[in-house]
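The values are calculated or read from the model by the stated rules, or taken from the named source; none is laboratory data. The structure presented is a predicted model; accordingly, all values stated were derived computationally and were not measured. Heads up, the Cβs are rebuilt from the backbone with ideal geometry, glycines too, and the neighbour counts pull from every protein chain shown. Heavy atoms of the whole protein, side chains included, go into the accessibility calculation; ligands, DNA and RNA do not. Shrake-Rupley method; radii C 1.70, N 1.55, O 1.52, S 1.80 Å.
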There are 4 protein chains.
Amino acid sequence: MSTQSDLAETSRLEAFSDGVFAIAITLLVLELRSPELEEGERLWPALLHEWPQFAAYLTSFAILGIMWVNHHSMFRQIQRADRGLMFLNLLLLLWVTLLPFPTSMFAEHLEDHSINANVAAAVYSANLTLAAIAFSAIWWHVLRKHLVEHDMDRAQMRKSLIRYSFGTVIYGACIGVSFVSAQLTLLLVFLLAVYYAFEQVRTRGGTA
Amino acid sequence: MSTQSDLAETSRLEAFSDGVFAIAITLLVLELRSPELEEGERLWPALLHEWPQFAAYLTSFAILGIMWVNHHSMFRQIQRADRGLMFLNLLLLLWVTLLPFPTSMFAEHLEDHSINANVAAAVYSANLTLAAIAFSAIWWHVLRKHLVEHDMDRAQMRKSLIRYSFGTVIYGACIGVSFVSAQLTLLLVFLLAVYYAFEQVRTRGGTA
Amino acid sequence: MSTQSDLAETSRLEAFSDGVFAIAITLLVLELRSPELEEGERLWPALLHEWPQFAAYLTSFAILGIMWVNHHSMFRQIQRADRGLMFLNLLLLLWVTLLPFPTSMFAEHLEDHSINANVAAAVYSANLTLAAIAFSAIWWHVLRKHLVEHDMDRAQMRKSLIRYSFGTVIYGACIGVSFVSAQLTLLLVFLLAVYYAFEQVRTRGGTA
Amino acid sequence: MSTQSDLAETSRLEAFSDGVFAIAITLLVLELRSPELEEGERLWPALLHEWPQFAAYLTSFAILGIMWVNHHSMFRQIQRADRGLMFLNLLLLLWVTLLPFPTSMFAEHLEDHSINANVAAAVYSANLTLAAIAFSAIWWHVLRKHLVEHDMDRAQMRKSLIRYSFGTVIYGACIGVSFVSAQLTLLLVFLLAVYYAFEQVRTRGGTA
């Protein structure tokens, strides 16, 4: 029987992904720097002045956390892993591991009064969009190759594909918003993460 | 049967949390810097002079270690995971991953002869308090949603809730102590961690 | 029966290796630095100017990802682990954990108009070659000690050994190419990673 | 039955320890810095000049690798975990996670022509000694509390205790050697790691 070893393969894929998510979410803290004070300067206002760092940290933490929860939910439905799935999953992990970089750059330029703030916001949003595209690609591949549990009809498949593709549109739109306002982009991404968290909790609570 | 997959979900949640705890506890070392010596300066006294770094490292290591042990004990009693549990657990992990930042800031300002030492101590204590609140919230949620083993009567539930909420009060009090003395705060937090470790060992030894 | 505990041993070996791969692949991001801008300088061109950082990041991510997939495939065929296998695996992990260092050095010197670019490329290629040698050594050891599933004839064994040794030759050749052009070396390594990924997907799709 | 859940506890303890070992061994690379070159300076000799960094990296990698293998072997014999074992294991992990710090300091001062080289070597050796003491303490606790498989007679227990305590003596002696020569200390520690690796492989090959 191949079932046993296929399940094992999925579980090692999940373990590796969990590891990458856990490390990426924890590495975010390395971008937080204690403010460098001048003689006689007070710590508390200097810390408050660093708010973009904390806002960006919190937002990226929330996004990676929700991505992990979704990755978890998605893989619970996946029965078998093929090499295609492994490489699409690596593509997703590429954008996951990259996120601390645009997060730090976004925080650094959030209050710039120049186009740089918008560019940093757009790069951040582009990273999220690319992660969302990888998510959709995984699900599309999984459906096409029948790697999921078999009790899914055509309508359910389409519905789930639309649901997993939703992030692509949202985050793609954030790239545009970036050129309106960097701070609005950060707020929007954060609110989306919060909304998404609660929406998921509610949905599950209602159906299960 | 849903039991099988629910247990699987709890185990992946634990694995992810273990990863985050393991990384956060190991990243603490990145805040330790070899002293920069001037020509002819001796390493040993320079190293001793850095004692706040080591004291803060040791304290945060002890706290994260004990948190992990408690997380472990708590999740051994949890049978099923819902999305609410996953998000409350992420909230706990947010404070766990953040800890290296206030640890480093606390060490840096521990010997300041200004309010900055107190502020750094208070921020550190606030981080611990927020983690303790998340811990209580997880247990409260777990009891309310009956996600634990079913052989727990009302009195036991209340007792366990009080026990898990104890840290909130203790660490909350440390925020106040911070404004008396930063060094006393660090000592207190460390002694609490040591006491808690031994108290746990003794309790278990007595009952099991 | 020893089978149970031997399988357990292999699984902990895999879990440890997964951890190291996951961390090494995620630490790569720490080498990416937000460009330091002068007054009035624009972020976007400064970011584009940093392309060697991103190219090296992407290439090392792809290589570590494919190595992980191959490690995974290899260990699925390994039934038992002895101490020799554990130490050869540690040797492989040595080169895996080292990779962020030559990656960063390669990116830093990629555009140097001096021998330094070639040296950095050669060191990078040498790291990959040493990893490939460790890979072959693991497989050679595994075959010699009969640690694999027993349904493999002599021809299959030789064929698999050649297949796993292929990387040694390829990456070894890249050391030579380094002294022709550093940029060509990076391109070559990246293309090899991409080719290897697709070739693997196709092969599996055809046979399974 | 308590067996099931006790085994689960050991496995989560092992998973957490594996995570910490994997992260500590991978973080070592962050201490390696690409040499900063002056205008026209060549990379290769600058890299060779950094040999203490690489020697210290290799030595610490070998030690952590062997510690992990020994941890693995030890825990395969442990059937149940109590809170005492969890805290002694945390004590071991404290010294494991700390190691990158004295490693980096050792490398930095290895070629100093002053007492600083000896102090750095002694601190490094002390870290290893403390880890070895924690190892012995774990095994002593495990024997005293009968947490191992039951088919061990008194003589075997004493023999195993002596074997696990060997490292304490060896690394303790290295603290003394540190004040003779820092470079000799590094060589000795490295050779011990290599010897230990091969000795283990041979022993197992002979008995199993």
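Just one of (1) more than 22 Å from the chain's Cα centre (by Cα); (2) within 23 Å of B:Ala22 (Cα to Cα) fails for D:Phe135. It is (1).
For residues that are touching a strand residue (DSSP E or B) at 6+ places or on another chain (Cβ under 7 Å) and of a type in the set (A, V, I, L, M, F, W, C), tally how many sit in region A:45-86. The qualifying residues number 1. The residues of region D:69-86 that are farther than 17 Å from D:Ala15 by Cβ and facing chain B (nearest Cβ under 10 Å), listed by number, are D:Asp82, D:Arg83, D:Gly84. Residues in region A:113-136 that are of a type in the set (A, V, I, L, M, F, W, C) and under 10 Å from C:Trp44 (Cα atoms): 4 in all. For region B:29-68, filtering for residues that are facing chain D (nearest Cβ under 7 Å) and farther than 19 Å from D:Ala107 by Cβ leaves 3. Residues of region C:146-168 that are touching a helix residue (DSSP H, G or I) at 6+ places or on another chain (Cβ under 9 Å) and either in contact (Cβ under 8 Å) with a residue 60 or more places away in the chain or among the hydrophobic types (A, V, I, L, M, F, W, C) (or both): C:Leu147, C:Val148, C:Met152, C:Met157, C:Leu161, C:Tyr164, C:Phe166.
Does any residue of region A:166-183 turn out to be open to solvent by 50 Å² or more (accessible area, probe 1.4 Å) and outside any helix (DSSP H, G or I)? Yes, because at least one residue in region A:166-183 is open to solvent by 50 Å² or more (accessible area, probe 1.4 Å) and outside any helix (DSSP H, G or I). Go through (1) at pLDDT 90 or above; (2) more than 14 Å from chain B (Cβ to nearest Cβ) for D:Ser104 and report which single condition fails. Every condition holds for D:Ser104 apart from (2).
Would you say D:Asn127 is open to solvent by less than 20 Å² (accessible area, probe 1.4 Å), in contact with a helix residue (DSSP H, G or I) (Cβ under 9 Å, 6 or more places away or on another chain), more than 25 Å from D:Ala22 (Cβ to Cβ) and in a helix (DSSP H, G or I)?
Working: open to solvent by less than 20 Å² (accessible area, probe 1.4 Å): yes; in contact with a helix residue (DSSP H, G or I) (Cβ under 9 Å, 6 or more places away or on another chain): yes; more than 25 Å from D:Ala22 (Cβ to Cβ): no; in a helix (DSSP H, G or I): yes.
Here the answer is no, as D:Asn127 does not meet what is asked.
A quick yes/no check of all residues on (1) crowded, with 20+ Cβ neighbours inside 10 Å; (2) closer than 20 Å to B:His72 by Cα:
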{"position": "D:Phe21", "(1), (2)": "yes, yes"}
{"position": "D:Glu31", "(1), (2)": "yes, no"}
{"position": "D:Glu36", "(1), (2)": "no, no"}
{"position": "D:Pro52", "(1), (2)": "no, no"}
{"position": "D:Ala56", "(1), (2)": "yes, no"}
{"position": "D:Ile63", "(1), (2)": "yes, no"}
{"position": "D:Met74", "(1), (2)": "no, no"}
{"position": "D:Ala81", "(1), (2)": "yes, yes"}
{"position": "D:Leu93", "(1), (2)": "yes, yes"}
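Inspect all residues belonging to region B:139-151 and state whether any of them is on the phi > 0 side of the Ramachandran plot, modelled with pLDDT under 90 and part of a loop (DSSP other than H, G, I, E, B). Taking every residue of region B:139-151 in turn, at least one turns out to be on the phi > 0 side of the Ramachandran plot, modelled with pLDDT under 90 and part of a loop (DSSP other than H, G, I, E, B).
Out of region A:108-117, which residues are more than 9 Å from chain C (Cβ to nearest Cβ) and open to solvent by 10 Å² or more (accessible area, probe 1.4 Å)? Scanning region A:108-117 gives A:Glu111, A:His113.
Residues of region D:133-151 being open to solvent by 50 Å² or more (accessible area, probe 1.4 Å) and either hydroxyl-bearing (Ser, Thr, Tyr) or in contact with a Leu (Cβ under 8 Å, 6 or more places away or on another chain) (or both), which ones?
First, pick out the residues of region D:133-151 that are open to solvent by 50 Å² or more (accessible area, probe 1.4 Å): D:133, D:140, D:144-146, D:149-151.
D:Trp140, D:Lys145 - these are the residues of region D:133-151 that are open to solvent by 50 Å² or more (accessible area, probe 1.4 Å) and either hydroxyl-bearing (Ser, Thr, Tyr) or in contact with a Leu (Cβ under 8 Å, 6 or more places away or on another chain) (or both).
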